[in-house]
Amino acid sequence: MDAAAVLIATVKLRPGMDAEFTAWKAHSDLVIGKFPGFVGSDIIPPTRPDSNEWTIILNFRSNEDLVVWQKSKERVEIIAEGVPLFEGGNFGEVVQTGESGDRPASDVTEVIFSKIKSGKEDTYREWAARMQSAQAKYPGYKGTFLQPPDEKGGFWTTIMRFDSASHLEGWMNAPERKEMLSESKAFIEHEQLTRLATAFPGWFPTDPKTGHGPPKYKAGMLVLLGLFPIVMLEARFLNPRLASLNFSMGMFIGNVLSVAATTYLTMPLFVKTLKWWLLPEPDAPKSVHWKGTLLVFALYALSVAIFWKLM
C-alpha cells in the first residue's frame, strides 16, 4: 500500500487580510477537493498573540496523488491568488511521507459528522471555510481538520480543537455560530457531534513517583487513537440501523456505545501497550518521547488507511 503524503504550507498573513484569506481558503478547498487522492485539510491559526503565521496541512492518499496536485496548473493559480495576501509574497511548503498530517489532538476536541445534501458540496466547503475563519477569532482555538467522504453521499468529518472546555463552550454558544448554523440548514441534511473530554477520568494511570498523569497532549493523542475506530465502525454499521429512531435517541445510543467501547476496549489496550511512552521511567532517554509520538502518528495513518478501504 502506498504511503500517505502530506503537504504542509506556512504563510504570514498581512494585517487586515482576514476576509480575503477566508475567501482564498474557501476557493482553494473547492479546487483541491476535486483532485483524486485528496483526503482532507487542516488549518492551524497562529499559536501566539504576536504571531501572524498560519499553517495549512493537506493530506493525500499517496505521494503520487500529491505530485499530481503539485504539478497542476490549478495549484499555480491558487498560489498566485494568495501571494498578495502574504507578507513578502512568501508561501513555504514542506512535504512529508509515510504518516498522517493530522495534528495531535488538543485538550478538547469536538468531532462532527455532517450529511450534506446532494449537489451542495461546494456550498458546504465555502461555508466551512467561513466557519473556520470565525472560530479562529475565539480564545483557545487550536485548529480544524476537514475530511470529505470517500464516497458520494457519505459523511463529512470535522475535527475542531480548543485548549479548554470553557473556550470550546464559548464558541459552541456564540451567537455568530448559531447564525451560521441557521444558514447551513439549506445544505446540511443532519449532523452528529461527539466530544472528547479533557480529564479522561479513569482512563490513564498516574505516575506513582510523582502522582501526576501523562501530559495532556499524549492523553489527547491516545484518546483520538482509541475513539476514531469506534466512531468509524458506528458510522459504517450502527448508524444505518438507528436511522429509523428519533435523532436524539439514535445519537444517545451511539454516544453510549462509543464511550463504553473506548473505556473498556481501546483505551485499556493502548494505555497498557504505550505506557512506556505515556509515563516513561525517570532514567528513560529523551528519544522515548519522539519515538512514541511517531508511533502514534503511524497508527493514525494505519487507521485512516484501513477505514478508507472499509468505508
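The numbers here are math on the coordinates, done by the rules we state, and not lab data. Fair warning: this is a prediction, and the values are worked out from it, not measured in the lab. Every residue, glycine among them, receives a Cβ derived from its backbone with ideal geometry; neighbour counts consider all protein chains shown.
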- prompt: Can you list the lysines whose alpha carbon is less than 21 Å from that of Lys117, not counting same-chain residues fewer than 8 positions off?
  reply: Lys34, Lys152, Lys178, Lys185
query: Among Glu126, Glu64, what is the fewest-to-most ranking by other Cβ atoms within 10 Å?
result: Glu64, Glu126
- prompt: Among all helices in the chain defined by DSSP H, which have a length of 30 Å or more along the axis from Cα atoms plus a Kyte-Doolittle mean of at least 0.0?
  reply: 287-310
query: With charges set only on the Cβ (+1 for Lys and Arg, -1 for Asp and Glu), what does the dipole of segment 5-97 come to about its Cα centre, in debye to the nearest 20?
result: 140
field: Given charges at beta-carbon only (K, R positive; D, E negative), |dipole| of the chain in Debye
entry: 580
task: Would you mind checking Lys216/Lys275; Lys25/Lys218; Lys218/Lys291 for any pair whose Cα atoms are more than 22 angstrom apart?
output: Lys25/Lys218
statement: For the chain, the charge dipole (Cβ of Lys, Arg +1; Cβ of Asp, Glu -1; about the Cα centre) points to a positive end, and the Cα of Ser182, Phe155, Leu265 closest to that extreme belongs to Leu265
Dipole of the chain [Lys/Arg +1, Asp/Glu -1 at C-beta], most positive-end residue of Trp127, Ala165, Asn239: Asn239
